[in-house]
Amino acid sequence: MSFLFPGFLLAAGAIAAGTVLLHFIVTREPDQLALPTARFAPERTIQARARAFEPRDLLLLLTRVALVLAVGAALAGPVIAPPRRDVIRIVMLDRSRAVASPGEAADSARALLRPGDPLILFDSSATLLERSITDSLTGLAGVSVPGRISTALIAALRTASRIRDRADSIELVLVSPLAAEEVDAATDSIRDRWPAGIRLVAVASGIVPPASSVTLESDPSDPLGVALPPVAAGTPQGTVRVLRRLAGPADSAWATQPGRVLVIWPANVGPPAGRSDTAGAVMAGGVVVVAPFVRNSSPAAEGRGDLVVARWVDGRPAAVETPLGQGCVRSVAINLPAAGDLVLDPRFGRLVSVLTQPCGGAADLRPLEPAGRARLAGNARVLRTAGAGLVPAERMATPWSRWLMVTALLLVGLEAVVRRRAAA
């Protein structure tokens, strides 16, 4: 057992020692009793001094000492360190759309994991699992969003900092198809924060889905139809639906199927009366379109788990994608100008292509180039936790602190009862 803040325990010991000392220093006058033969004694002042050491109220003393020590131990934060292991393996398992078979990836991770090893499931976000790992791997299902290795590395660094006191060495393992779309501009800098190697376990990559057809559900005279991407021969029908109205329950149910995209792009909705909310440009996927746009009165809101597909020039979301089942719903708050030939502009056509692309954006499942794999793998060694330079985990109260504080509160009540009985 160790303590996060041992100074509190030392202070409690000093206070307890002072309590014992004061208890025995304090003196009291002996009880006066009238003797029957006192009436025969002459009436004069009689003085006699005597010292007798007789400890009293020991139960009260023990209660007070226990109370002081319980409060000090609770504030000190006791921690019972688990048994140390030689090596702890942190497995990062990819479950994004780049994985061809989630079951195959789960089998690879299951073969690497040992009791006590943490598992990090990641796609565009990361989830740490330390319990019920077998059940999670058994029912592992893929998602339609792109993977982000940077997200997995950040979660692994935090986990390594938290468990560094449990083992002499830590090994990172990445189970992933290592697709090109999973590496971003921040991956190399985050990778440099891990001073050891990463074991790469490659799994089969998925197949790039075929081009999707876009169906516009609106009035035939809607100018947006001019800007929709052309449909190639042999493409599946109805995989992307663009609604120029609000979606209903049936529309949402349709979007839960694999590979389906429901784009909710209401027809021009003006701002509230007396207000004018305009934006001079909108940006999406590297495409910038400058036009006198009038913002929708209900702009797309960026919530937790949402992916911003397009932004206005001031940074506010203009289009947001929300996962729904195995598909997604994309809300667009871009009103078309009432006049002009914007829909004929090639840049606006590219913007519409971005807004109607598959969930998570266009897939780039090409394998990562050898140089990128080498940078990701680094040197082939595990990390020695002693002197590794990992940022220590945040120190916080432990469950033992709560129980000790409850014990101290009970001792407060017990001390009051014992003190009253001693006084009586």
Would it be correct to say that LEU262 is modelled with pLDDT of 90 or more, in contact with a strand residue (DSSP E or B) (Cβ under 6 Å, 6 or more places away or on another chain) and not in a loop (DSSP other than H, G, I, E, B)?
-> yes
Examine segment 314-336 for a residue that is among the hydroxyl-bearing types (Ser, Thr, Tyr), over 30 Å from LEU60 (Cα atoms) and modelled with pLDDT under 85, and state whether such a residue exists.
-> no
Can you name every residue in segment 216-242 that is out of contact with any Leu (no Cβ under 9 Å at 6 or more places or on another chain), open to solvent by less than 80 Å² (accessible area, probe 1.4 Å) and at pLDDT 75 or above?
-> THR239
Between residues in segment 135-154 that are modelled with pLDDT of 90 or more and residues that are polar (S, T, N, Q) and not in a loop (DSSP other than H, G, I, E, B), which pairs lie under 6 Å by C-beta distance while being six or more apart or on different chains?
-> ILE149/THR187; SER150/THR187
Just checking, how many residues over segment 78-117 are of a type outside the set (A, V, I, L, M) and either assigned to a strand (DSSP E or B) or farther than 19 Å from ARG164 by Cα (or both)?
-> 15
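Quick check: is even one residue across segment 115-129 under 16 Å from ARG375 (Cβ atoms) and among the hydroxyl-bearing types (Ser, Thr, Tyr)? Steps first, answer last, please.
Narrowing segment 115-129 to residues under 16 Å from ARG375 (Cβ atoms): none.
The answer is no; no qualifying residue exists.
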Those residues that are modelled with pLDDT of 90 or more and assigned to a helix (DSSP H, G or I), I need them from segment 181-198; list them, please.
-> GLU182, THR187, ASP188, SER189, ILE190, ARG191
Sole exception among (1) of a type outside the set (Lys, Arg); (2) in contact with a Pro (Cβ under 7 Å, 6 or more places away or on another chain); (3) over 21 Å from SER108 (Cβ atoms) for ASP192, by number | (2)
Could you please find all residues in segment 131-168 being open to solvent by 70 Å² or more (accessible area, probe 1.4 Å) and not in a helix (DSSP H, G or I)?
-> ARG131, SER132, ARG148
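Of these, ALA111, ALA100, ALA70, which one is touching a residue at least 60 places away in the same chain (Cβ under 8 Å) and either touching a strand residue (DSSP E or B) at 6+ places or on another chain (Cβ under 6 Å) or open to solvent by 50 Å² or more (accessible area, probe 1.4 Å) (or both)? Show your work before the answer.
Values: ALA111 fails: touching a residue at least 60 places away in the same chain (Cβ under 8 Å); ALA70 fails: either touching a strand residue (DSSP E or B) at 6+ places or on another chain (Cβ under 6 Å) or open to solvent by 50 Å² or more (accessible area, probe 1.4 Å) (or both).
When all the criteria are applied, what remains is ALA100.
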Looking only at segment 324-356, which residues are under 19 Å from VAL308 (Cα atoms), touching a strand residue (DSSP E or B) at 6+ places or on another chain (Cβ under 8 Å), not hydroxyl-bearing (Ser, Thr, Tyr) and not in a helix (DSSP H, G or I)?
-> LEU324, GLY327, CYS328, VAL329, ARG330, VAL332, ALA333, ILE334, ASN335
Enumerate the pairs (first residue in segment 323-338 and of a type in the set (Gly, Ala, Ser); second residue anywhere and outside any strand (DSSP E or B) and crowded, with 20+ Cβ neighbours inside 10 Å) with beta-carbon separation below 6 Å, excluding pairs fewer than 6 apart on the same chain, so at least 6 apart or on different chains.
-> GLY327/ALA255; GLY327/ARG260; SER331/ALA300; ALA333/ASN296; ALA333/ALA300
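A quick yes/no check of all residues on (1) in contact with a Gly (Cβ under 9 Å, 6 or more places away or on another chain); (2) surrounded by fewer than 18 Cβ atoms within 10 Å (Cβ to Cβ); (3) modelled with pLDDT of 90 or more; (4) not polar (S, T, N, Q):
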{"residue": "ALA300", "(1), (2), (3), (4)": "no, no, no, yes"}
{"residue": "VAL308", "(1), (2), (3), (4)": "no, yes, no, yes"}
{"residue": "VAL343", "(1), (2), (3), (4)": "yes, yes, no, yes"}
{"residue": "ARG366", "(1), (2), (3), (4)": "no, yes, no, yes"}
{"residue": "ALA374", "(1), (2), (3), (4)": "no, yes, yes, yes"}
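The values are calculated or read from the model by the stated rules, or taken from the named source; none is laboratory data. Treat the numbers as computed from the prediction; the structure is a model and nothing was measured. Please note: Cβ atoms are built from the backbone with ideal geometry, for glycine as well, and neighbour counts cover all protein chains shown. Only protein heavy atoms, including side chains, enter the accessible area calculation; ligands, DNA and RNA are left aside. Shrake-Rupley method; radii C 1.70, N 1.55, O 1.52, S 1.80 Å.
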